Structure formats: C-alpha cells, structure tokens
1. Restricting the first residue to the range 266-288 and requiring it to be under 17 Å from Gly308 (Cα atoms), which pairs with a second residue that is β-branched (Val, Ile, Thr) and open to solvent by 20 Å² or more (accessible area, probe 1.4 Å) meet a Cβ separation below 7 Å and a spacing of at least six or different chains?
2. If you take the residues of the range 295-304 that are open to solvent by 20 Å² or more (accessible area, probe 1.4 Å), assigned to a helix (DSSP H, G or I) and not hydrophobic (A, V, I, L, M, F, W, C), which of them is farthest from Ala122 (Cα to Cα)?
3. Are any residues in the range 351-368 in contact (Cβ under 8 Å) with a residue 40 or more places away in the chain and open to solvent by 40 Å² or more (accessible area, probe 1.4 Å), and if so, which ones?
4. What pairs can you find where one residue is in the range 96-108 and without any contact (Cβ under 8 Å) to a residue 40 or more places away in the chain, the other is open to solvent by less than 30 Å² (accessible area, probe 1.4 Å) and of a type in the set (A, V, I, L, M), and their Cβ atoms are less than 8 Å apart, with a gap of 6+ or different chains?
5. Here are Ala45, Ala16: which of them is assigned to a strand (DSSP E or B) and either modelled with pLDDT under 90 or buried (at least 21 other Cβ atoms within 10 Å of the Cβ) (or both)?
6. From the list Thr261, Thr315, which residue is at pLDDT 95 or above and either within 22 Å of Ser6 (Cβ to Cβ) or in contact with a Lys or Arg (Cβ under 8 Å, 6 or more places away or on another chain) (or both)?
7. Might you check whether a residue that is more than 22 Å from the chain's Cα centre (by Cα) and over 15 Å from Leu314 (Cβ atoms) occurs anywhere in the range 7-21?
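The values are calculated or read from the model by the stated rules, or taken from the named source; none is laboratory data. Bear in mind the structure is a predicted one, so any value in this text is a computation, not a measurement. Positions of Cβ are generated from backbone atoms using ideal geometry, with glycine treated the same way; all protein chains shown enter the neighbour counts. For the accessible areas, the whole protein counts, side chains as well, though only heavy atoms, and no ligand, DNA or RNA atoms are used. Shrake-Rupley method; radii C 1.70, N 1.55, O 1.52, S 1.80 Å.
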Amino acid sequence: MIGLHSGTSADAVDVAVADLSLDGPVVVLSPVEHAEHPFPDRLRAVPTGAGDVCALDTGLGRLFGRNAAGYRGERVSSLGQTAHHRVESGTCLGTLQLGEPAWIAEATGLPVVSGFRQRDVAAGGHGAPLASTLDVLWLAELSKTAPAAALNLGGIANVTLVRHGHPPSACDTGPGNALLDAAARRITGTPCDVDGALALRGAVHPGLLDRLLADPHYARPAPKSTGKEHFNAGYLDRATEGLALTPEDLLATLVELTARTAARACADARLVVVSGGGTRNPALMAALRRRLPGSDVRPSDDLGLPAGAKEAHLTALLGFLAWHGLPGNVPAATGARGPRPLGSITPGRAPLRLPEPATTPVTGLRIGGSRACT
C-alpha cells in the first residue's frame, strides 16, 4: 500500500510504502520506504472562492498522483489535504479534504482509497485524530504494564492515551508547529525555526503564555479536534497585540505552549512515543521532557516507525483496513457513535476486485515480520 499524507503544515507530501498483512487479529505493518516531496508554492495559497477550491483540488490530486507514480505498490491510500475542518462549540459539523483521487488513479493506474474522515463525522465523530486508529492497535501490547501515549507533533498536535483495561482517549491538543511556523515565516522568511535556534535563545513570556492558555479549546474534554482555521497567523497577531516581544522570546513561548498542552494530555503515560515534524525541533523536545519528568519520551523511530513518516504509514493502514472491510475509526477517540468502515474506493485501470471482507476483529498491530496473508 502506498500511503500519501499531507498534513496541516502543508510543507510536503509524505509518501510511505508499507507491506501490510493480517496475522489473525493482528495487522503486520512492515515499512518498505518513505520520502518527503516538497509542496510547490502555488499550492500553498489559501483558496478564496469556488474556482480557487476547484483549482486547488485538481492541483493537489495531480501532485499526489505524480508523487505516488514514483513508487511500486498495489494500491494507493490518500488522506488528502484538509482545506477546512468546521468545529463549533466542540462539535464537528463538517470537514473538507482536497486532492481528487481520480487524478491519483489516472496517474498510477491503481485503485485509490480516500475520504476517510467524512464517514466518522457523519457518525457523530470529529474525523480526528485518525492517528488513534494506529496508536490504539500499536500501543495495545506496550500499555499492558503501564499507560502509554502516542503524540504527533504536526501542524496540529494530537495525542492518543492507551491504558490497559480502560477505553482509549484521544484529541487534538492544540497547535503543534502551526503557530511556531507562522511566527518563523514572519520573522525569518523561512518555513520554520530550524533546529529550534531562535527558541533556544529565548525566554518564556508569562503574559503571552497566559493569553494563549486562556483559549477555550484547552478546557474542552476529549474527544475534540481543531485546525489552522483556528490556530493561524491571524490568531497569533491577536494574541501578541500590545506586547513587547523579541523574536527569540516569542518562539520560546510558543514552544512552551505546545509542550505544556501536549504534556497535559500525556501526563498519565509512562511511555510517550513522539512523531511528526516537531521531533526535529530540539527546543520542543527538551520542553516536552521537562514537562514529563516521569515519562520515557522517545521518537517513534525507536519502535520501528519513522517519526517523519508515521502519518503516511497511518494512511496506508487506513487504506488496508478499508480494503478488507474493517472499521477504521476508534469511537472512544473520535466521538463517533460506533465503529465504521472508512473511505471510498476509486478504481484503477483494471476492474475493481475486492477481497472477501475480514471476519476477525483487529486488536493489535505489529511492526515488521513476515506476511501471513493478503
């Protein structure tokens, strides 16, 4: 399965090729290869009308198709680029992902599984964080001795907490890199604070941190979701209005915001497995470890999943589950009324032939290992 993921940072298309199989109730996921393909600047523009949305949907679909065509696989799974995630008073009222799958099918000749979030939203969920699907299966064994959490530091940060014998919990904790990147672009003209250099030279501004932490999102109970519709450059402008801040102190404060809000959701975990672009920010990782002194905080690479490609592997997993007729959501994590098969399938060049639906519920995920069946 070729997994395509384009996160809220909109900086690159992550591609991961994974060999997936079923070994009884366990999914075996063997990473094959992965890479990042930078976004062209023209596809980073925020659409302002129906014509712009149409052009962006086509442009992203063609980009995803070109990227996927460079890899060998039997099927493609695409999470799409979230253009809008509508949440009001803690309820998700709709979600829009762009990157028309027909372009991917045309470019690759392969069937494409896409449109995962919408079914969960229709079932009363948030359609996020879908990372919980992988996390709950993956951490099932690891959490038997002590609670474990998976934290993804993308544009928006999300956490899945797994405690043996209890329902899992998951949520979007708030901004991961979204505000950090918005500040870095404004200050340096670059997409991010490379190596956390500015943040490491700064000090936390208590007044700004208090303003940021007063956001109602943090007080809402899980499950909850958010996006760059909320945490964006305009939001940062309003939060910093009237404050005298050095660039270094601004970045240090935003690092503390992400670390504090993410750590709060991981507080019960003895193992915290971190993935996403934020793992490349030493300032952010150091702040997380300070906030979680009793936890073993480590990158997902240590457990076999590349930190920069975990969500692309998640996308491959979601496509695999859909292909086999298995539920792709965790209701306790997204808030949906129950488990649902997620995704729609766009045929490739050959007639579509699906396998018989799997009849054994999936309860775990193992990284690596030999194929049992396909």
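1. As it stands, the answer is Met285/Thr279, since those pairs meet every condition given.
2. Out of the qualifying residues, it is Asp302.
3. Result: Leu352, Thr360, Pro361, Thr363, Arg366, Ile367.
4. Correct list of pairs: Gln97/Leu79.
5. Only one candidate qualifies: Ala16.
6. Thr315
7. Looking for residues that are more than 22 Å from the chain's Cα centre (by Cα) and over 15 Å from Leu314 (Cβ atoms), one finds at least one in the range 7-21, hence yes.
Condition check ((1) open to solvent by 40 Å² or more (accessible area, probe 1.4 Å); (2) in contact with a Ser or Thr (Cβ under 7 Å, 6 or more places away or on another chain); (3) outside any loop (DSSP other than H, G, I, E, B)) across all residues:
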{"residue": "Asp181", "(1), (2), (3)": "no, yes, yes"}
{"residue": "Ala222", "(1), (2), (3)": "yes, yes, no"}
{"residue": "Lys228", "(1), (2), (3)": "yes, yes, no"}
{"residue": "Phe231", "(1), (2), (3)": "no, no, no"}
{"residue": "Leu243", "(1), (2), (3)": "yes, no, no"}
{"residue": "Thr253", "(1), (2), (3)": "no, no, yes"}
{"residue": "Glu256", "(1), (2), (3)": "no, no, yes"}
{"residue": "Ala263", "(1), (2), (3)": "no, no, yes"}
